[in-house]
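Step one of this worksheet: look at the structure below.
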Amino acid sequence: MTMTEFKYNARIAGALFLAALAANLVGSEWLDSIVDAPDYLVQAFALKGQVVAGALLEILSAAAVAGIPVLLYPVLKRYSRTVALGYLCLRIIEPAITMMIILAALSILSLGQTFAANGGDEASYLLLGSILQAARGWALMLYILVFSVASLLFYGLLFKSRLVPRLFSVWGLAGVVVLAGGAIASMFGVALDPMVYGALLGLNELLLAFWMIVKGFNFDLVAGSGRAGAL
């Protein structure tokens with residue numbers, strides 16, 4: 001690839017970072033406010049348009065996430081083909097987990113529609129709904145762990161390569177530790193908000209995205225790297 005193509009990839013990847021962040025923030029907030037509400041059976045049916053719109057935004061975010069490693073792989077493999085491939089594979093797994101999260105939310109919507117149309121034993125509906133909520137919650141924790149490992153590879157390679165200022169790399173690595181720690185604590189029953197323990201890494205990715213769009217990578221290093229097949 002030419003330096004012009006590398007620069008183009010960096011800018012598009014930065015734009016995809018922004019798209020993924022924005023779509024996920026809005027989509028997950030719309031879904032969480034309904035499917036995790038105390039009266040979610042009624043809310044899901046009454047606000048079905050918001051549920052569907054939130055799910056579509058999450059799908060948009062997943063598509064953006066899948067595109068990021070594809071665009072970055074040609075650059076990252078110059079510094080470590082193994083790490084670049086690991087990052088690619090893990091980030092492609094993420095959208096599959098996102099589909100599980102979306103499917104659970106849409107299933108709660110269908111459950112609410114059935115309850116509104118047919119009535120019946122509310123306790124049975126609530127039991128099924130709680131199972132779907134739990135499945136969605138565990139899928140989210142799995143997503144965060146996969147994302148954390150992918151981010152660890154990504155920011156570690158950025159630190160090594162100096163493709164961006166090391167502030168982003170160190171900040172990102174610190175954010176990964178906080179994010180993964182929060183998810184693991186949540187899995188052991190500690191009540192934590194993912195928006196809180198994910199804020200440090202989320203802000204870093206927001207600023208990194210703008211940097212990639214405006215400045216791109218340090219292309220002198222890209223051009224000078226002779227380690228295209230490095231492990």
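Some notes on this structure:
- Under Karplus coefficients 6.51, -1.76 and 1.60, residue-wise ³J(HN,Hα) of the range 198-214 in Hz, glycine/proline x: x, 5, 4, 6, x, 5, 4, 5, 4, 5, 4, 4, 5, 4, 5, 5, 7
- Length released on extending from Ala63 to Val177, taking residue separation times 0.36 nm less the Cα-Cα span: 38.5 nm
- Of Asn24, Met141, Pro74, farthest towards positive along the dipole that unit charges on Lys, Arg, Asp, Glu beta carbons give the chain: Pro74
- Among Glu29, Glu94, Glu122, the residue with the largest mean-square fluctuation in a Gaussian network model of the chain, with springs joining Cα atoms closer than 10 Å, is Glu122.
- Legend: ranking of residues Thr4, Thr114 from fewest to most surrounding C-beta atoms inside 10 Å; resulting order Thr4, Thr114.
- Relative contact order (%) - criterion: Cα under 8 Å, at least six apart; region: the chain: 29
- Neighbour counting of Cβ atoms within 10 Å sorts the residues Ile97, Ile108, Ile184, fewest neighbours leading, into Ile184, Ile97, Ile108.
- Expressed in Å, the radius of gyration and Dmax of the Cα atoms of the range 11-132 are 18.1, 61.
- Bridgeable lysines around Lys7 (alpha carbons under 21 Å apart, same-chain partners fewer than 8 residues away excluded): Lys77, Lys160, Lys215.
- Karplus (6.51, -1.76, 1.60) ³J(HN,Hα), θ = phi - 60°, over the range 97-110, in Hz, Gly and Pro reported as x: 5, 4, 4, 5, 5, 5, 4, 5, 5, 5, 5, 5, 4, 4
- Residues listed by number, the range 1-26, amide nitrogen under 12 Å from Ile213 label point at 7 Å toward C-beta: 11-22
Rule-based calculations on the coordinates, nothing more; no lab input. Because the structure is predicted, anything quoted here is derived from the model rather than measured. When we count neighbours, we look across all protein chains shown, and the Cβ atoms used for this are built from the backbone with ideal geometry, even at glycine.
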